[in-house]
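Engineer: Below is the structure I would like to discuss, written out as structure tokens.
Here, each number is a calculation from the coordinates, and none is a lab measurement. These numbers come from a predicted model, not from an experiment. Backbone-built Cβ (ideal geometry, glycine too); neighbour counts: all protein chains shown.
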Amino acid sequence: MVNLAIKKAYAAPGPSALSLPTDILAESLDEGIWIPKAHLFEPDLRPGDAVKDAAEAISKSRRPLLFAGWGARHCGPELLELAHHIGAPIATTSRAKGIVPESDELVLGVLGSIGNRFAPKIVSQADLIIILGSGFRQRNLVPNIDVIQAT
């Protein structure tokens, strides 16, 4: 349980707590000190030319589309600003519904089985999908559309 609490504290923003009875806390520990780097996955991702390539793809795109998931939940105003800047409609996952005001002309609503019927039509017309804050596992549904993904 201690390992799980530590992993949660490192992996997700916000508090992580583990409550133990005082008699357990008074006992000695025979094991060594837990070193986080030995137990946690730390991706070695450096954007390199990826950011430049993404900016180039966005500027060349004639019909970009933004697809936002729960990971973009704190970026609603910035997402809307980006959409207006590049002229891209926004579709969301069902969990991200409402992170941008659906009254905005560029917001399509939810994409998926519980979404509306218009979002899939717009997606099929896009020449670039920019995925923000979502794990997009349906790549086979858009085989001929370029994708930029930032999760």
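Engineer: Calculated from DSSP H runs of 4 or more alone, at -39500 (n - 2.57) each and per residue, what is the 222 nm mean residue ellipticity of the chain, nearest 500?
Structural biologist: -8500 deg cm²/dmol
Engineer: Okay, next question. With all distinct Cα pairs included, what does the Kirkwood hydrodynamic radius of the chain come out to in Å, to one decimal, could you say?
Structural biologist: After inverting the pairwise mean of 1/r, the radius is 18.2 Å.
Engineer: Something else now. Could you pull out every residue, at least 5 positions away or on a different chain, whose amide H is within less than 5 Å of the one on Gln149? Hs are placed 1.01 Å off N in the peptide plane, and Pro or chain starts have none.
Structural biologist: Ile131
Engineer: Next question. Quick one: which residues, 5 or more positions from Val110 or on another chain, have an amide H under 5 Å from its amide H? H modelled 1.01 Å from N in the peptide plane, none for Pro or chain starts.
Structural biologist: Amide H to amide H, under 5 Å and 5 or more residues apart or across chains, Val110 pairs with Thr92, Asn116.
Engineer: I would also like to ask the following. Give the range of the longest stretch in the chain that excludes all GluC sites (Glu not before Pro) found in loop regions by DSSP and having at most 16 other beta-carbon atoms within 10 Å.
Structural biologist: The longest such stretch corresponds to 32-101.
Engineer: What net charge do the residues around Gly109 carry, taking every other residue with its C-beta under 11 Å from that of Gly109, with Lys and Arg at +1 and Asp and Glu at -1?
Structural biologist: 0
Engineer: Would you mind checking the tilt of helix 2-11 against the longest principal axis of the Cα atoms of the chain, expressed as 0 to 90 degrees and rounded to 10?
Structural biologist: Taking Cα atoms only, the helix is inclined about 30 degrees.
Engineer: Which whole-Hz couplings ³J(HN,Hα) result when phi for each residue of the range 50-66 is put into the Karplus expression 6.51 cos²θ - 1.76 cosθ + 1.60, θ = phi - 60°, listed in order with x for Gly and Pro?
Structural biologist: 4, 5, 4, 4, 5, 4, 5, 4, 5, 5, 7, 5, 9, 9, x, 9, 9
Engineer: Here is a further query. Hey, what's the Cα Rg ratio for the range 54-129 versus the globular rule of thumb, 2.2 N^0.38 Å?
Structural biologist: 1.01
Engineer: Follow-up question, since we're still on this one. What lysines sit close enough to Lys7 to cross-link, taking a C-alpha to C-alpha distance under 29 Å and skipping anything fewer than 8 places away on the same chain?
Structural biologist: Lys37, Lys97
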